[in-house]
Amino acid sequence: MKLQRHPANPLLLPDPTSDWETYNVFNPSVIFHDGLFHMHYRAQGMDWISRIGYAVSANGIAWNRLRRPVLDVQDVSDARGLEDPRVTEIEGRFYMTYTAYSRETPAGIAPTHAGGGVTPMIAVSDNLITWQRIGSIVRGEDDKDHVLFPRRINGRYVALHRRPPQVWLAESDDLVHWPEERMRPIFGPRPGNGWDELRVGGNAAPIETEHGWLMLYHAYNNDHVYRLGACLLDLDDPSKVIARPKDFILEPSELWELRGDVPNVVFSCANPVVDGTVYVYYGGADHVIGLATCRLDELIDFVLG
Ligand code: BMA
């Protein structure tokens, strides 16, 4: 089973007339709310700093974008940019997880390729435009790809996050405090399995189904090719993986996925389900935004094998 690319791809391109989304727009979050598709995306402009942009669509294909970022850098803790937004609606409010990229590297942590530390942040909004930072899941360690589940499980808010090289689960009573004793690893890369042999990380809010939480994730291998896969987590205890097919569901093959700012990347932060179709929006080569879809029941059949 493979996702089907939309013929209108890529759907969103950088805007060379702007100063903040001049070079790259990628890694979008998309939710379906009150009959509209709402997108938040990572944008890079003249200063190469990432900011979060917003666009809205009636059909999920043609987008109207706001001509300014909805979340911008604030201080030294995010001075290198805000990356990879993932929006989840929980109990009528909107929460965005994103990676804050700092100018400072915490003691004892190896700097990232551009030199700096990352913090897995959470912000809240009631209108999808105005965002307020509420805190982070952890601090002072290499941790990102954090994603909130769309509802509480056993009374607690739940998030996926990524402590290299594994995906972890975290729980919180208030979305602000995430106690270490309530964190545990779920799954990691599969050495020898090719596409997900080196790193894995969650995509967007897991989809609740009668079989379990359907979770889409990204992975890369020793050749640094990013692909997408899927697995199923237990409904009551999402730290239990019920099924994880060996094969991926999307890999870079179009020119705009193979060549861009970072080659050979499909990276997704969005899987809204509308009328039984899963809409997987993704960044192509850290440069543009595309869409691939499948039927929800087909994806479940594939994951269950
Ligand atoms: C990851 C993130 C993503 C990016 C990917 C590929 O570490 O930074 O934003 O799309 O690398 O470059």
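The values are calculated or read from the model by the stated rules, or taken from the named source; none is laboratory data. From a predicted model like this one, the values you see are computed outputs, not experimental measurements. Methodologically, a virtual Cβ is constructed for each residue, glycine included, from the backbone with ideal geometry; neighbour enumeration extends over all protein chains shown. Note: accessible area is taken over every heavy atom of the protein model, side chains too, but ligands, DNA and RNA are not part of it. Shrake-Rupley method; radii C 1.70, N 1.55, O 1.52, S 1.80 Å.
Values for this structure:
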quantity: Where Rh is the Kirkwood radius over Cα pairs, Rg/Rh for the chain; calculated: 0.93
quantity: Residues listed by number, the stretch 1-37, amide nitrogen under 16 Å from residue 58 label point at 7 Å toward C-beta; calculated: 33-37
quantity: Under 18 Å from the Cα of residue 2 - aspartates and glutamates, other chains or at least 8 residues apart; calculated: 196, 247, 251, 254, 257, 297, 298, 301
quantity: Residue 76 accessible area, 1.4 Å probe, all protein chains in place, Å² to nearest 10; calculated: 70 Å²
quantity: Accessible surface ranking that places the most exposed of 224, 33, 146 first, with a 1.4 angstrom probe; calculated: 224, 33, 146
quantity: The stretch 14-304: relative contact order as a whole-number percent, Cα under 8 Å and 6+ apart; calculated: 13 percent
quantity: The stretch 14-304, accessible area per residue, ligands and nucleic acids excluded (1.4 Å, Å²); calculated: 39 Å²
quantity: Helix-only CD estimate at 222 nm, as mean residue ellipticity for the chain, using -39500 (n - 2.57) per DSSP H run (n ≥ 4); calculated: -1000 deg cm²/dmol
quantity: Förster radius 22 Å - calculated FRET efficiency between residue 242 and residue 295 (Cβ-Cβ, nearest 0.05); calculated: 0.65
quantity: Nearest-10 value in Å² for the accessible area of residue 248, using the 1.4 Å probe; calculated: 30 Å²
quantity: Carbon plus sulfur fraction of accessible area for the chain, probe 1.4 Å, in percent; calculated: 49 percent
quantity: Computed label-point distance, nm, for sites residue 90 and residue 223 using a 7 Å Cα→Cβ extension; calculated: 3.9 nm
quantity: Candidate aspartates and glutamates for bridging to residue 240, where Cα separation is under 18 Å - those fewer than 8 sequence places away on the same chain excluded; calculated: 171, 181, 208, 210
quantity: Distance between modelled label sites at residue 256 and residue 104, nm, 7 Å Cα→Cβ extension; calculated: 4.0 nm
quantity: Relative contact order of the stretch 176-305, defined on C-alpha pairs under 8 angstrom at six or more residues apart (%); calculated: 18 percent
